[in-house]
Structures are given as structure tokens and as C-alpha cells.
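Data block below; observations after.
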Amino acid sequence: MPDPAVLVLAVKPQVAPAVLATVRSLVKPGTVVVSIMAGRTLGFLQEALPRGSAVVRTIPNTPAAIGHGITVAVPNAAATAAQREIAAALLGAVGPVEWIEDEELMDAATAVSGSGPAYVFLLAETLAKAGIAAGLPAPLADRLARATVAGAGALIAQSGIEPSTLRENVTSPAGTTAAALGVLMDPTTGFAPLLEKAVVAATRRSKELAN
């Protein structure tokens, strides 16, 4: 078997020690190890792998399944430019790659983009339930919520317009959207403080996994 150019670690962080002990012998001097495990640091990986191993720690997200993901990546000092290019080509097959040099940013990145799709799925779920509560038939409420969330996301991605401007563009003074945003943008109970708490909680959990 030829020496692998890339070894991808795509397992739950809880089983990482056992898996790394099994695959350690596969890592050769020219191999770059790409990890997509949440919370497992470069230091942890370097200790478990042969001395001097090239490692790239990443956090992708689930829209990668349809080629619309985004991945945050941080290399260790042993990873060469060529090995970074190999990792970028692999990760870039499912969406853009954001390279960072400060590993401390990975916990917040995990909270925003790694866990972020779940927040959007929850938005679609709760929007449909709110529509049902307002009197819509369940199938119609579900279709409207799915299409609205998907369409709004596509508009953000394709227009290049700031999300705040897009929000303002659809908000007529004293209109229905303004009435809803008055609730969602309440500085104490609204969406912003709630989402900030959620991101803080996810960031904290990522740090806990690392320790």
C-alpha cells in the first residue's frame, strides 16, 4: 500500500483516542492529516500522531452534503504550503474554505458555522409552527417556511447586499414586517440576545470538548 498523501479523521471526538491509536501507523512523513472532529485541538492531534506530523484541523458544516458548505481550517507548523493546497482542494470540493492562523478562533467558528445550520433549521421549523398557530394548514405552512428560508439564504448569497439592508428593504414603515420585527428585535427578549447566548453556549461547549 502506498503512503497516503491525506488521512481524513471524520469520527466523533469522544472516540478519537482509540481511532488515532489504530491509524497512527498509516501516517508517514509526507502525509497530511485532516481532522474534522469538533473540539480536538492541534496539540491533541500532534501528541497522538508521529512526531512532526502535518495536521490541518477543520470544522465544516452540513450544507457540504449539497456542495454549499463552508469550512474553517487551521494548519499546524509542520504543514507545508503544498500540503495546505492538498487539504484546500479536498475541502473545497464541498464549498469555500476559510483559513485562519489563530486556533483560538476555532471554538467561535464552530459555534457560528459548524453548529449554525441547526439554528437555521430551527428557524424553518418554528416559522412553520407559528404559521400553523396563525391558522395555516400544516403542509402549506411547512412549504412556505422552507421556501422562505431557502430563498432568503439564496438572496443573501447571490446579491452581495448586507443582510441588514435586505431586512430594511422588505420592512415598510408601520407594516406587517415592522410589527413582527418589533418583537424579534426587542433588545432584551428578542432574537439577537437569544442567538448571542446560543453562540456563547456552543463556544463554551467546544472549549470543554477540547479539554
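The values are calculated or read from the model by the stated rules, or taken from the named source; none is laboratory data. Since the model is a prediction, treat every value here as computed from it, not as a measurement. Every residue, glycine among them, receives a Cβ derived from its backbone with ideal geometry; neighbour counts consider all protein chains shown.
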| query | For region 69-85, which residues satisfy the criterion of being within 17 Å of LEU45 (Cβ to Cβ) and either in contact (Cβ under 8 Å) with a residue 12 or more places away in the chain or touching a Gly at 6+ places or on another chain (Cβ under 9 Å) (or both)? | reply | THR71, VAL72, ALA73, VAL74, PRO75, ASN76, ALA78, ALA79, THR80, GLN83, ARG84
| How many residues does region 109-125 hold that are within 10 Å of the chain's Cα centre (by Cα) and either surrounded by fewer than 17 Cβ atoms within 10 Å (Cβ to Cβ) or not hydroxyl-bearing (Ser, Thr, Tyr) (or both)? | 7
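Just checking, does region 99-115 include any residue being more than 30 Å from GLU196 (Cβ to Cβ) and either touching a helix residue (DSSP H, G or I) at 6+ places or on another chain (Cβ under 7 Å) or modelled with pLDDT of 95 or more (or both)?
no
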| In region 168-211, residue modelled with the lowest pLDDT [restricted to those that are closer than 20 Å to THR58 by Cα and basic (Lys, Arg)] | LYS207
| said: Exactly one of these conditions fails for ILE100: (1) without any contact (Cβ under 8 Å) to a residue 60 or more places away in the chain; (2) under 17 Å from LEU42 (Cβ atoms); (3) out of contact with any strand residue (DSSP E or B) (no Cβ under 7 Å at 6 or more places or on another chain). Give me its number. | reply: (3)
